[in-house]
Amino acid sequence: MRPATVDIPDRRGRAALLEALALAFLDNPMNRAIHGPSPRRRLRANRAGLRALVLDPHPRTQTRVIANEKGVVGGFVVAEPGGFPLAGASLRRQLGCLLGQGARAMDQWGCVTEALRREHPIEPHWYVAVLGIVPSERRRGLGARLVEAIGALASASPHPIYLESDRRESVAFYRAHGFEVRGHLAPLGVPCWRLERAG
Ligand SMILES: CC(C)(COP(=O)(O)OP(=O)(O)OC[C@H]1O[C@@H](n2cnc3c(N)ncnc32)[C@H](O)[C@@H]1OP(=O)(O)O)[C@@H](O)C(=O)NCCC(=O)NCCS
């Protein structure tokens with residue numbers, strides 16, 4: 001079995017990461033609340049919603065993929081201190097999102113993003129915009145490898161690492177890696193945790 005590696009992706013790697021993350025977030029509560037019960041619909045919506053973040057270059061962000069013998073099975077996009085908020089999506093991406101998700105879902109994501117933005121720390125920090133492992137490859141230590149990789153990046157500029165999660169299980173995962181709950185909120189009635197690890 002090939003040991004998993006964490007790498008900076010090329011174009012193909014980013015495309016593979018998009019697929020992996022679309023699957024990783026398929027069952028997250030906010031996704032279900034906004035896109036409904038159909039997994040097919042949620043997958044399509046996730047692809048559309050993540051395209052700009054994962055495929056387009058953003059200044060002051062770091063993207064990594066984790067690959068094992070099955071190929072790319074997860075990864076992350078992290079904004080460096082001062083890199084939040086990330087640049088908005090291009091018109092082309094927004095149109096793709098409209099087609100992939102529909103106007104109502106886009107409006108709802110807009111409300112969620114705005115609610116999270118209002119609670120965002122004002123001090124410099126590393127921001128984990130997205131991090132995930134495909135469901136079939138979980139509980140093998142791959143998520144831990146990604147958190148280690150973020151820790152290694154953050155050691156170059158030791159500020160806190162901050163993220164949000166709408167999955168109770170992910171909160172337990174991050175707590176096991178030294179994160180503490182900094183607060184809660186419930187945009188659209190879905191509980192979300194704000195987590196932070198000291199720099
Ligand atoms: C959170 C997430 C990234 C964790 O990924 P993962 O690859 O399963 O993480 P790990 O394998 O390192 O750890 C997960 C659990 O497996 C356990 N584990 C690790 N290696 C293991 C092994 N070889 N055998 C059995 N269990 C193992 C860990 O102890 C951990 O348990 P805990 O959650 O009770 O602490 C993944 O669940 C995910 O993608 N979730 C959906 C997306 C999401 O919500 N992301 C977070 C917000 S950005």
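The values are calculated or read from the model by the stated rules, or taken from the named source; none is laboratory data. The structure displayed is predicted, hence computed values, not measured ones. No Cβ is skipped: glycine too gets one built from the backbone with ideal geometry, and neighbour counts run over all protein chains shown.
Just one of the listed residues (54, 112) is closer than 19 Å to residue 149 by Cα, modelled with pLDDT of 95 or more and touching a helix residue (DSSP H, G or I) at 6+ places or on another chain (Cβ under 6 Å), and it is 54. A single entry from 15, 87, 22 fulfils the requirement of being within 13 Å of the chain's Cα centre (by Cα) and not hydroxyl-bearing (Ser, Thr, Tyr): 22. Which condition does residue 135 not pass, out of (1) surrounded by 15 or more Cβ atoms within 10 Å (Cβ to Cβ); (2) out of contact with any Ser or Thr (no Cβ under 7 Å at 6 or more places or on another chain), if it passes all the others? With (1) surrounded by 15 or more Cβ atoms within 10 Å (Cβ to Cβ); (2) out of contact with any Ser or Thr (no Cβ under 7 Å at 6 or more places or on another chain) applied to residue 135, the lone miss is (1). Among the criteria (1) touching a Gly at 6+ places or on another chain (Cβ under 8 Å); (2) more than 15 Å from the ligand (Cβ to nearest atom); (3) part of a strand (DSSP E or B), the one residue 127 does not fulfil is (2).
Here segment 138-159 is the region considered, the condition is being of a type in the set (Gly, Ala, Ser) and outside any loop (DSSP other than H, G, I, E, B), and the residue that is surrounded by the most Cβ atoms within 10 Å (Cβ to Cβ) is 143. Just one of the listed residues (2, 64, 40) is basic (Lys, Arg) and part of a helix (DSSP H, G or I), namely 40. The residues of segment 100-118 that are exposed (fewer than 14 other Cβ atoms within 10 Å of the Cβ) and either of a type in the set (Lys, Arg) or touching a residue at least 24 places away in the same chain (Cβ under 8 Å) (or both), listed by number, are 104, 111, 117, 118.
Screening residue 90 with (1) of a type in the set (Ser, Thr, Tyr); (2) closer than 17 Å to residue 31 by Cβ; (3) away from the ligand (no atom under 16 Å from the Cβ) gives one miss only, at (2). Residue count for segment 167-176 satisfying the condition of being more than 7 Å from the ligand (Cβ to nearest atom) and surrounded by 16 or more Cβ atoms within 10 Å (Cβ to Cβ): 2. Counting only residues that are out of contact with any Gly (no Cβ under 8 Å at 6 or more places or on another chain) and either assigned to a loop (DSSP other than H, G, I, E, B) or basic (Lys, Arg) (or both), segment 160-176 holds 4 of them.
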